[in-house]
Amino acid sequence: QVQLVESGGGLVQPGGSLRLSCAASRSIVSIYNMGWYRQAPGKQRELVAAITSGGSTNYADSVKGRFTVSRDNAKKSVYLQMNSLKPEDTAVYYCNILTTQGNYWGQGAQVTVSS
């Protein structure tokens, strides 16, 4: 069974930083795209950042220059470094991976930016 385990969420003050991690289970053979989505209360889930198997990245306009997505193929992991956090970044963040076996989601990590 495929599982994604997220870690790194929490409470941070505006201007602070957090790093999210997401590790896929060993049963996954081949991973294409990896990425992060977020969902704030009362809003639809939106793409935050994505990275292809070749290392190309894509970011939401609202996070460009502040967030960095990266991946470690050997560890089957994807990361999201979030700097200069703003209150509007508050949301549940979900990792997502697209593999030869299907499309999978993490359990979600709460990120709260507040003073």
Which of the listed residues, G106, N96, S25, is farthest toward the dipole's positive end in the chain, when Lys, Arg count +1 and Asp, Glu count -1 at the beta-carbon? S25
Assigning unit charges at the beta carbon (Lys, Arg +1; Asp, Glu -1) and nothing else, what dipole magnitude in debye, to the nearest 20, does the chain show about its Cα centre? 140 debye
How much length is gained on full extension from Q107 to S53, taking 0.36 nm per residue of separation minus their Cα-Cα distance? 17.2 nm
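Over the chain, average the accessible area per residue using a 1.4 Å probe and give it in Å², no decimals. Could you put the intermediate results ahead of the total?
Numbers: 6110 Å² over 115 residues.
Computed with neighbouring chains in place, this is 53 Å² per residue.
Can you send over the carbon and sulfur percentage of the accessible area for the range 55-115, probe radius 1.4 Å, protein chains only?
Numbers: 1380 of 2980 Å².
About 46 percent, which is the carbon plus sulfur part of the accessible surface.
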Below 20 Å, Cα to Cα, which lysines can K86 reach? Residues fewer than 8 away in the same chain don't count. K43, K64
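Considering Cα pairs under 8 angstrom that are at least six residues apart, work out the relative contact order of the range 62-115 and quote it in whole percent. Display every interim value, and only then the final one.
On the way: 63 pairs, mean separation 15.1, N = 54.
Relative CO of the range 62-115 lands at 28 percent.
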Just tell me which lysines come within less than 16 Å, Cα to Cα, of K76; anything on the same chain fewer than 8 places away is out. none
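The values are calculated or read from the model by the stated rules, or taken from the named source; none is laboratory data. Everything numeric in this text was worked out from a predicted model, so none of it was measured. In this analysis, Cβ positions are derived from the backbone assuming ideal geometry, glycine residues included, and neighbour counts consider all displayed protein chains. Protein only, heavy atoms only, side chains kept; ligands, DNA and RNA dropped before computing areas. Shrake-Rupley method; radii C 1.70, N 1.55, O 1.52, S 1.80 Å.
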